[in-house]
Amino acid sequence: MDFIMKVFRYPLLFILACFASTYAQDLSFAEELFENHETYKVAGFQQRRIKQTEVLSAIDKAIAQYPGVFESRIVGTSVQGRPLPMLSFGNGDIDVLMWSQMHGNESTATRAIFDLLHFIGAQQETPQVQHLLNALRIHIIPMLNPDGAQEFQRENALGIDLNRDALRLVSPEAQTLKRVRDSLDADYGFNLHDQSRYYNVERTPKQASISFLATAYNYEKAMNDKRQDAAQLIGYLHAINEKFIPGHTGRYSDDFEPRAFGDNIQLWGTRLILIETGGFPDDREKSMGRKMNYVLIGSALDAVATSSFEQIAEFAYWEIPENDRKLFDLKIEKVQVTVEKKPYVLDLGINFNEVATADSYILDASLEDRGDLSTYYAYEVRNAEGYELIVPKRYPKKIKTIEDRNKLLRQGYAFSRLNKEGAFGFKGVQSASPLLEDAYRHVTFFLQKEGELEVLVLNGKLIQLSDL
Ligand SMILES: [Zn+2]
């Protein structure tokens with residue numbers, strides 16, 4: 001819908017937006033948080049794969065470091081018997097409930113929360129933090145799904161997606177969240193997740209590094225006062241995210257999901273804000289996501305304590321561009337592929353999938369799509385116009401040294417006879433004469449220009465042969 005249409009369709013909102021635009025949002029607190037994150041970043045939590053033991057010791061540390069500020073109590077138990085602690089602090093009348101990592105492999109907000117506790121504890125005497133602590137009573141369940149986190153998986157130990165268990169409440173973790181929500185009848189709720197790194201901001205190549213949602217509470221996606229408050233608060237947070245990582249904010253789909261917690265918590269009368277952390281360039285472990293969660297959650301608490309977000313028009317929320325899923329890790333554009341001796345030009349969309357190892361992961365490439373991918377974007381784009389895809393040859397003997405390997409690569413070998421002989425990154429293939437499908441399956445091939453092999457794509461990694 002273009003601008004003029006919007007003016008006709010939403011005249012009242014347009015007028016409100018004009019008023020809102022005269023209100024200059026004070027970003028100084030957010031700026032302070034953005035600047036001081038390094039100072040308050042707690043030790044550890046460098047990677048996304050965190051386990052509950054780290055969270056429990058971070059809770060103990062926060063309580064011991066700042067006596068009298070934070071308290072913790074066990075509010076439930078997971079399927080496998082892990083405790084579910086909830087941290088509480090502040091003495092105000094406004095109840096705020098946050099929970100993170102109900103999906104076990106979505107840890108970014110958990111990591112950020114402890115940075116924020118460190119900041120709040122250290123700055124408890126400053127007027128702004130004092131006001132926050134006097135206005136709010138904040139309750140945080142970090143890592144609602146510790147069993148899932150142990151395996152770095154989405155679901156809990158029953159294999160249940162906790163965010164589809166808000167009605168039936170089969171899982172003890174879901175029962176805990178419902179019981180806590182009801183006992184507090186919280187005024188505000190923050191539902192903290194991670195989303196796919198392949199989400200972009202619609203019709204742009206920018207990652208949806210942060211996406212927001214004022215969750216719908218019915219199929220009609222109606223707005224009531226509370227959902228509107230959530231939308232205004234998000235409008236406020238959107239301006240903050242855009243200040244620091246411009247173009248990287250998306251609006252999550254508000255399709256109603258009757259079994260989800262966010263949707264029901266909004267329905268049960270808590271103003272519900274969903275924050276989803278997505279990808280960011282050169283940041284697979286989401287350091288920027290952690291930092292922006294620190295800034296945004298801290299700013300949100302301040303905005304609720306001071307009511308400053310109420311000056312933002314709801315319109316600002318609907319102006320946030322929607323999420324889309326149009327990203328690959330690597331896009332190779334316009335490569336020539338020869339099939340039945342005829343040339344065809346196509347784009348290749350490649351992703352790197354994380355394959356778990358004992359305590360970390362390795363990346364394994366997969367070809368996700370091919371053809372006209374001109375409506376897609378990627379973390380890395382390689383223009384291969386004028387290049388021909390060459391299927392690697394299979395080397396029948398054992399490779400002994402790196403020098404041998406480099407020589408073989410320059411001669412067009414990149415497959416080996418057996419996987420166990422496939423040291424040096426060579427993949428084992430069965431056929432003595434590998435086919436195009438082998439090249440696709442292993443995302444391993446050469447790019448040749450004017451009869452010369454120039455680039456090796458080895459399990460999705462681009463290597464200039466002249467660099468070897
Ligand atoms: Zn999630």
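The values are calculated or read from the model by the stated rules, or taken from the named source; none is laboratory data. Here the structure is a predicted model, which is why all the values come from computation and not from measurement. All Cβ positions, glycine included, derive from the backbone under ideal geometry; neighbour counts span all protein chains shown.
The table for this structure:
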{"quantity": "Filter pass, GLU155 being surrounded by fewer than 21 Cβ atoms within 10 Å (Cβ to Cβ) and within 16 Å of the ligand (Cβ to nearest atom)", "calculated": "yes"}
{"quantity": "Which listed residue, of ALA439, ALA432, is out of contact with any helix residue (DSSP H, G or I) (no Cβ under 9 Å at 6 or more places or on another chain), assigned to a helix (DSSP H, G or I) and in contact (Cβ under 8 Å) with a residue 24 or more places away in the chain", "calculated": "ALA439"}
{"quantity": "Residue that is over 30 Å from LYS342 (Cα atoms) and assigned by TED's automatic domain parsing to the domain that holds LEU435, where the choices are GLU385, GLU403, GLU380", "calculated": "GLU403"}
{"quantity": "Filtered residue count, region 96-128, keeping only those that are farther than 16 Å from GLN47 by Cβ and away from the ligand (no atom under 16 Å from the Cβ)", "calculated": "15"}
{"quantity": "Residues satisfying the stated conditions in region 255-292, i.e. among the small types (Gly, Ala, Ser) and at pLDDT 95 or above", "calculated": "GLY278, GLY279, SER287, GLY289"}
{"quantity": "GLY425 vs. criteria touching a residue at least 60 places away in the same chain (Cβ under 8 Å), assigned to a loop (DSSP other than H, G, I, E, B) and not assigned by TED's automatic domain parsing to the domain that holds ARG203", "calculated": "no"}
{"quantity": "Verdict on ALA384 being surrounded by 13 or more Cβ atoms within 10 Å (Cβ to Cβ), in contact (Cβ under 8 Å) with a residue 24 or more places away in the chain, closer than 30 Å to ASN200 by Cβ and in contact with a strand residue (DSSP E or B) (Cβ under 9 Å, 6 or more places away or on another chain)", "calculated": "yes"}
{"quantity": "Residues (crowded, with 22+ Cβ neighbours inside 10 Å, among the polar types (S, T, N, Q) and outside any helix (DSSP H, G or I)) located in region 281-330", "calculated": "ASN323"}
{"quantity": "Looking only at region 158-180, and only at residues there that are of a type in the set (S, T, N, Q) and within 16 Å of the ligand (Cβ to nearest atom), the one that is modelled with the highest pLDDT", "calculated": "SER171"}
{"quantity": "Unmet criterion (only one of (1) away from the ligand (no atom under 16 Å from the Cβ); (2) under 18 Å from SER211 (Cβ atoms); (3) outside any helix (DSSP H, G or I); (4) out of contact with any helix residue (DSSP H, G or I) (no Cβ under 8 Å at 6 or more places or on another chain)) for GLY250", "calculated": "(1)"}
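Okay, residues lined up against (1) among the acidic types (Asp, Glu); (2) in contact with a strand residue (DSSP E or B) (Cβ under 6 Å, 6 or more places away or on another chain); (3) assigned by TED's automatic domain parsing to the domain that holds GLN266; (4) surrounded by fewer than 20 Cβ atoms within 10 Å (Cβ to Cβ):
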{"residue": "ARG48", "(1), (2), (3), (4)": "no, no, yes, no"}
{"residue": "ALA58", "(1), (2), (3), (4)": "no, no, yes, no"}
{"residue": "ILE74", "(1), (2), (3), (4)": "no, yes, yes, yes"}
{"residue": "TRP99", "(1), (2), (3), (4)": "no, yes, yes, no"}
{"residue": "ARG111", "(1), (2), (3), (4)": "no, no, yes, no"}
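Conditions tested, residue by residue: (1) surrounded by fewer than 24 Cβ atoms within 10 Å (Cβ to Cβ); (2) assigned to a strand (DSSP E or B); (3) within 16 Å of the ligand (Cβ to nearest atom).
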position	(1), (2), (3)
ASP182	yes, no, no
GLY189	no, yes, yes
HIS193	yes, yes, yes
SER196	yes, no, yes
ARG203	yes, no, no
ALA222	yes, no, no
GLY235	no, no, no
HIS238	yes, no, no
PRO246	yes, no, no
